[in-house]
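**Student:** One structure, pasted below without further comment.
The values are calculated or read from the model by the stated rules, or taken from the named source; none is laboratory data. Note that this is a predicted model, so its numbers are computed, not measured. Ideal geometry is used to build each Cβ from the backbone, glycine not excepted, and the neighbour counts take in all protein chains shown. Surface accessibility is based on the protein's heavy atoms, side chains included, excluding ligands, DNA and RNA. Shrake-Rupley method; radii C 1.70, N 1.55, O 1.52, S 1.80 Å.
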Amino acid sequence: MSNATLTLDPAFTIGTVDPRLFGSFVEHLGRCVYTGVFEPGHPAADEHGLRRDVLELVRELGVTVVRYPGGNFVNGYRWEDGVGPERPVRLDPAWRSIEPNAFGLGEFMTWTRRAGVLPMLGVNLGTRGVQEACDLLEYANHPGGTALSELRVAHGALEPYGIRMWCLGNEMDGPWQIGHKTAAEYGRLAAETARAMRMIDPDLELVACGSSGAGMPTFGAWEATVLEEAYDQVDYISLHAYYEPLGGDLETFLASGAMMETYIEDAIATCDHMRARLKRDKRIHLAFDEYGIWYMSRQPSEPPAEWEHAPRLLEEHYSVLDAVVVGSLLIALLRHADRVKIACLAQLVNVIAPIVTEPGGRAWRQTIFHPFAQAARYGRGEVLRVEPVSPLAGDVPALHATAVLGDDATLTLFAVNRSRSDALELAATVRAFGAPRILEHSVLADPDLDARNTADNPNRVRPHPNGTSAIGDGTLHAILPPVSWNVIRLDIG
Ligand code: AHR
């Protein structure tokens, strides 16, 4: 057992959590859409083919915003294929799949309403440009009386969709991307697209593509050049990151939250550097619109030989260890709630996802479902500045933590113990809150770090409200087991 300390005080805050921090992502990739959210003929499907069992889990997960339709997919996508009665079958070169276009914008918007989430729509800046983005916006948001808005009405959507959040392409820095560009080419296209879109609908929030990861050789320079072109036209720059235990290095994998924090801080530094250079008042915020765990190094290096519809791609099966790391990623996001306003766990169903389905069968929760659901539920309010002190686990402190002061007179401490060998005996000073009472200490941990949920045993891994904690003399004492995700809720009323 090792000791750890921290202090919680309402005088020291970071910022208010934007509910959109708890977003996710649905891409036309593998079985995320087809047999994931959409499966006409499934016993749980509604009249639109939307799986009600999945919708129920999405609501339980607490997702607030969903990015769609990609991802790499978007940069070869013709949005017109997915609306109206004619749905051409196309090749999707990004994932070497057959795209039947049975699910498109209208189905997605119906799904968002049923799921109770906000849409965040990507436009194709790979094979397309300003005109097609404007056409899509007119179709989606213009009330009526024009060719494209009347087309939407003719397709059955009488009211405009009112989509506010738009992504200007996807991962345009990546050489794998259809229509990959240099930073200067992309920055200019993003600026021009944004300018034209705002002429149609001034009330938009626009996200320019940042780097596809902190390890990209152009990271930093890419953001600076893109913002040089597009600073005045966009509101956010995107960040993407996927983590995995490369070479079986669990210590570094458990430090993923720390790497995410460094990435966020470096992106903020670049945005603020451009703010100073361009002499602007406005600040660019961050949309971490893809993050998660992806065992990319285990993926086949070659794309599938055959063109298939809805192949099983990127279907990761998550463990206890993965869930604790996802908890740490959520802590990292909350600790930067002043600048990260939107974040999307990638993805939502089947593809590197918290929810899994079987075609014709059941839907169930992966291990990573739980930390997300708890953070989305209890991580609402003011984030407190928390400076944990603990021994190291590898190169980073064993304790990773944040705390959120809710407006319902509760204080929630989210804490991950990264140590694989030692429990942490935490002493958290809470004197500034008077005499708080412990409502719950829930723990997700397991002696078997590799334990997973399955269709037959879907609740093998989940949080248990049996954490050891006590409060007295202005200090909360809690035991955080090795490799654990802890949620400690206090009544401060
Ligand atoms: O989420 C899977 C893929 O990861 C997305 O299509 C792409 O944007 C990223 O590289």
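**Student:** Looking at the chain, which longest stretch skips every one of the GluC sites (Glu not before Pro) that is in a DSSP loop with at most 11 other Cβ atoms within 10 Å, leaving the sites themselves out?
**Tutor:** My reading of the result: 87-305 is the longest stretch.
**Student:** With N set to the residue count of the chain, report its C-alpha Rg divided by 2.2 N^0.38 Å to two decimal places.
**Tutor:** 0.97
**Student:** Once neighbouring chains are kept in place and the probe is 1.4 Å, which whole percent of the accessible area of the chain is contributed by carbon and sulfur?
**Tutor:** Here carbon and sulfur together make up 52 percent of the probe-accessible area.
**Student:** Describe numerically, in nm with one decimal, the distance between label points set 7 Å from Cα along Cα→Cβ at A102 and at H273.
**Tutor:** With each label point 7 Å from Cα toward Cβ, the separation is 4.9 nm.
**Student:** Let me ask you something else. Tell me which of Q299, S238, T7 sits at the most positive position along the dipole axis of the chain, charges placed on C-beta atoms (Lys, Arg +1; Asp, Glu -1).
**Tutor:** So the residue furthest toward the plus end is T7.
**Student:** Measure off 7 Å from each Cα along the Cα-to-Cβ vector at D266 and E302, then give the distance between these two points in nanometres to one decimal.
**Tutor:** Label at D266, label at E302, 3.4 nm between them.
**Student:** What size of dipole, in debye to the nearest 20, comes out for the chain about its Cα centre when the only charges are +1 on Lys and Arg C-beta atoms and -1 on Asp and Glu C-beta atoms?
**Tutor:** Here the size comes out at about 580 debye.
**Student:** Taking the Cβ-Cβ separation of T146 and A221 as r and a Förster radius of 41 Å, what is the calculated FRET efficiency to the nearest 0.05?
**Tutor:** After rounding to 0.05, the efficiency reads 0.50.
**Student:** Restricting to the chain, what percent of DSSP beta bridges are antiparallel, rounded to 5?
**Tutor:** 60 percent
**Student:** With charges only on Cβ, +1 for K and R and -1 for D and E, what is the dipole size of the stretch 184-333 about its Cα centre, in debye, rounded to 20?
**Tutor:** Dipole magnitude for the stretch 184-333 comes out near 560 debye.
**Student:** For G381, which sequence-distant residues (separation of 5 or more, or a different chain) have an amide H within less than 5 Å of its own amide H, given hydrogens modelled in the peptide plane?
**Tutor:** V17
**Student:** Solvent-accessible area per residue for the stretch 151-299 at a 1.4 Å probe radius, Å²?
**Tutor:** Value for the stretch 151-299: 40 Å² per residue.
**Student:** While we're here: Which is farthest toward the positive dipole end of the stretch 64-125 among A115, N75, G104, measuring Cα position about the Cα centre, with Cβ charges +1 (Lys, Arg) and -1 (Asp, Glu)?
**Tutor:** Of the candidates, A115 comes out farthest on the positive side.
**Student:** Taking the DSSP beta bridges in the stretch 303-417 as the whole, what percent of them are antiparallel, to the nearest 5?
**Tutor:** DSSP beta bridges in the stretch 303-417 are roughly 95 percent antiparallel.
**Student:** Taking amide H positions as placed in the peptide plane 1.01 Å from N, state which residues far from A287 in sequence (5 or more) or on other chains have amide H under 5 Å from it.
**Tutor:** Amide H neighbours of A287: I237, S238, L239.
**Student:** Under 12 Å from the Cα of K282, which aspartates and glutamates turn up, not counting those fewer than eight places away in the same chain?
**Tutor:** D232, D235, D272
**Student:** In the P(r) worked out for the stretch 395-468, what percent of Cα pairs fall beyond 13 Å?
**Tutor:** 76 percent
**Student:** If one computes the Cα centroid of the stretch 428-471 and of the stretch 147-214, what distance in Å separates the two points?
**Tutor:** So the separation of the two Cα centres works out to 41 Å.
**Student:** Follow-up. Normalising by the residue count of the chain, find the relative contact order in percent from Cα pairs under 8 Å and 6+ residues apart.
**Tutor:** About 20 percent, as a whole number.
**Student:** If you don't mind, there's one more thing I want to ask. Please list, in order along the stretch 334-342, the HN-Hα scalar couplings obtained from phi with the Karplus expression 6.51 cos²θ - 1.76 cosθ + 1.60 (θ = phi - 60°), rounded to whole Hz, x for Gly and Pro.
**Tutor:** 4, 5, 10, 5, 6, 10, 8, 9, 10
**Student:** Let me ask something additional. Out of H441, G144, L490, whose Cα points farthest toward the positive end of the dipole of the chain (charges: +1 Lys, Arg; -1 Asp, Glu; placed on Cβ)?
**Tutor:** L490
**Student:** For the stretch 110-122, take each phi angle, set θ = phi - 60°, evaluate the Karplus expression 6.51 cos²θ - 1.76 cosθ + 1.60, and give the result in whole Hz per residue in order, putting x for glycine and proline.
**Tutor:** 4, 4, 4, 5, 6, 7, x, 10, 8, x, 10, 9, x
**Student:** Looking only at the stretch 7-34, which residues have a backbone nitrogen under 12 Å from a spot 7 Å from the Cα of E315 in the C-beta direction?
**Tutor:** Flagged as within label range: 30-32.
**Student:** A further question on this structure: Tell me the Kirkwood hydrodynamic radius of the stretch 349-475 in angstroms, computed as one over the mean inverse distance between distinct C-alpha pairs.
**Tutor:** Every distinct Cα pair counted, the radius reaches 16.8 Å.
**Student:** Please find the FRET efficiency linking E387 to E425, where r is the Cβ-Cβ separation and R0 is fixed at 22 Å, and quote it to the nearest 0.05.
**Tutor:** 0.80
**Student:** Which whole-number percent is the relative contact order of the stretch 352-421 (Cα, under 8 Å, 6+ apart)?
**Tutor:** 23 percent
**Student:** For N466 paired with D395, estimate the spin-label separation in nm (one decimal), with each label point 7 Å from Cα along the Cα-to-Cβ line.
**Tutor:** Once both label points are built, they end up 3.8 nm from each other.
**Student:** How high is the relative contact order of the stretch 321-378? Use alpha-carbon pairs under 8 Å, at least six apart in sequence, and give a whole percent.
**Tutor:** Relative contact order comes out at 38 percent.
**Student:** How much length, in nm to one decimal, is gained on full extension between A432 and R283, taken as 0.36 nm per residue of separation minus their Cα-Cα distance?
**Tutor:** 50.4 nm
**Student:** What are the ³J(HN,Hα) values, in whole Hz, obtained from phi via the Karplus relation 6.51 cos²θ - 1.76 cosθ + 1.60 with θ = phi - 60°, for each residue of the stretch 165-171 in sequence order, with x given for Gly and Pro?
**Tutor:** 9, 10, 9, 8, x, 8, 6
**Student:** Counting other Cβ atoms within 10 Å, keep those with at most 14, restrict to DSSP loop, and tell me which chymotrypsin sites (Phe, Trp or Tyr not before Pro) in the stretch 67-164 are left.
**Tutor:** none
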